[in-house]
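Working notes, beginning with the structure itself.
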Amino acid sequence: MDSSQLHVAIVSSPGMGHLIPVLVLGNRLATHHNIKITILAITTSSSSAETEFLKKSTLTNEKKTIEIIPIPSVDISHLINSSTKVFTQLRVLVREALPKIHSTIASMTHRPDALIVDIFCTQILPIAEEFNISKYAYHPTTAWTLALAIYCQVFDKEIEGEYVDLKEPLKISGCKALRPDDVVDPLLDRSDQQYEEYVKLGMEYADFDGILINTWEDLEPETINALRYNEKLRSLLKVPVFPIGPLRRKVEKTSNDEVIQWLDKQNNESVLFVSFGSGGTLSTKQMTELAWGLELSRQKFVWVVRPPSDGDADSAYLNSTGKETRGMSEYLPEGFKTRTKDMGLVVPMWANQVEILGHSSVGGFLTHCGWNSTIESLTNGVPMIAWPLHAEQKMNAAMLTEELGVAIRPAVLPTKKLVEREEIQGMVRILMQTKEGNRIKGMAKKLKKSAENALSEGGSSYNSICELVKDIRSR
């Protein structure tokens, strides 16, 4: 390796939703800024999809500018129980993996010039300090959720009782207020360990040399401005913020893919794509209502179906096998596939989402509003039906519908009440068949252009990444 070439290590917490943005960031820094990238990916033994994805990413990285080092899974069974939330499990997994991360960095011939860690790996600070490496946190979602994480320590001191019981919105200094119904999962129950972990995470951000955010200036101008200049927020976060988005996966063309072949035969913007991400699941009743809603809408669709779960909506997040153990006939309405064979395609478990959203036949996306999926939709100019399930998805849905005007959503949150077939049918028709839907599509197309401009040479995010690289070099 050229001794003048920067070396940056990026640490990813477990789960496809965390691994993907880290790999995309690594690719951007390696390809556009000639930086040697080492990705330390903390793995779990229960997610075979994640293991396969890592293997594939290693094989496709022909230029060897990115090295992927899987950090072996750690047994945390003695530290958690059946009621431990995913957020807490991730924080505990990372804590227990710290010795292995330490030994991996210690054994490197050329130590990294900087360490970038994702949202769940902020506990790595002591390792960076021991090796005297500059350190940055990567918040791979919105500036608004970053502002909440940082400001939560203020709410913790000033507000009594549960946030969800409040009658008034939570006011984050300099930012859009947050409805109690839309708070992130760790704020739902202040007696749960995940709440304490979340408050700590927000405080840990302040000890980094900078924060990277997967957003862009035009998308969240008010919030980004507040993170830089609002007096109260700056007193909590004195370090620079770098809006570097929208970073997303590249399209991998799969011309022999059954879904793409089917889409090739459909009319322009006539198909609704339905998917709830790698970790989101619906209840059995909700899946039945969704199936009937799609059927009644008479709208062309591609639906990526995963078996239902009547537990937490994020129950599949750390157990993504990528395999289906039950036949779809067990949980889809009887005769559904036969009755919809000419209008829809049901795909078990996984589909090439980036390619599908970029296809000219796709005119809408019914999504859980995970930020990776949201970015992939926005950068293709595809409007959405927002169906948040867990994590920060309710905040994302609120921003997409109320602030950006690129989505519609059910009258009541799907996490609070069953969304019935008639409402689903109505939402699909509004988005795909009405003037209101056309207006929303127009807004989505404007944001696509804005996203392209941000990452083009001289654009706000392009400049922000250049500033980040300059910052790393100066330390």
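The values are calculated or read from the model by the stated rules, or taken from the named source; none is laboratory data. Worth saying up front: this structure is predicted, and the values here are computed from it rather than measured. Quick reminder, even Gly has a Cβ in these numbers, built from the backbone with ideal geometry, and neighbours come from all protein chains shown. Note: areas computed on protein heavy atoms with side chains; ligands, DNA, RNA excluded. Shrake-Rupley method; radii C 1.70, N 1.55, O 1.52, S 1.80 Å.
Matching residues to (1) closer than 29 Å to Asp310 by Cα; (2) open to solvent by 40 Å² or more (accessible area, probe 1.4 Å):
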position: His359; (1), (2): no, no
position: Ser373; (1), (2): yes, no
position: Leu378; (1), (2): no, no
position: Ala386; (1), (2): yes, no
position: Met399; (1), (2): yes, no
position: Pro410; (1), (2): yes, no
position: Arg421; (1), (2): yes, yes
position: Thr434; (1), (2): no, yes
position: Gly442; (1), (2): no, no
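Would you mention how many residues in segment 168-184 are in a loop (DSSP other than H, G, I, E, B) and either acidic (Asp, Glu) or touching a residue at least 12 places away in the same chain (Cβ under 8 Å) (or both)? Qualifying residue count, segment 168-184: 9. Between Ile116, Ile127, which is of a type in the set (Val, Ile, Thr), part of a strand (DSSP E or B) and open to solvent by less than 30 Å² (accessible area, probe 1.4 Å)? None of the others qualify; the one that does is Ile116. Looking across segment 114-164, just one residue is of a type in the set (Lys, Arg) and touching a strand residue (DSSP E or B) at 6+ places or on another chain (Cβ under 6 Å), and that is Lys135. Arg234 meets the conditions (1) open to solvent by 40 Å² or more (accessible area, probe 1.4 Å); (2) within 24 Å of Cys466 (Cα to Cα); (3) in contact (Cβ under 8 Å) with a residue 60 or more places away in the chain; (4) assigned to a helix (DSSP H, G or I) in every case but one. The failed one is (3).
When Lys448, Lys416 are screened for being touching a helix residue (DSSP H, G or I) at 6+ places or on another chain (Cβ under 9 Å), open to solvent by 10 Å² or more (accessible area, probe 1.4 Å) and part of a helix (DSSP H, G or I), only Lys448 passes.
Please count how many residues of segment 394-413 are under 20 Å from Trp216 (Cβ atoms), in a helix (DSSP H, G or I) and either touching a residue at least 12 places away in the same chain (Cβ under 8 Å) or assigned by the TED database to the domain that holds Gln194 (or both). Qualifying residue count for the region: 8.
Residues are listed down the side, and each one gets a yes or a no for (1) part of a loop (DSSP other than H, G, I, E, B); (2) among the small types (Gly, Ala, Ser); (3) open to solvent by 20 Å² or more (accessible area, probe 1.4 Å); (4) not assigned by the TED database to the domain that holds Met343:
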{"residue": "Leu263", "(1), (2), (3), (4)": "no, no, no, no"}
{"residue": "Val274", "(1), (2), (3), (4)": "no, no, no, no"}
{"residue": "Gly279", "(1), (2), (3), (4)": "yes, yes, no, no"}
{"residue": "Leu294", "(1), (2), (3), (4)": "no, no, no, no"}
{"residue": "Pro308", "(1), (2), (3), (4)": "yes, no, no, no"}
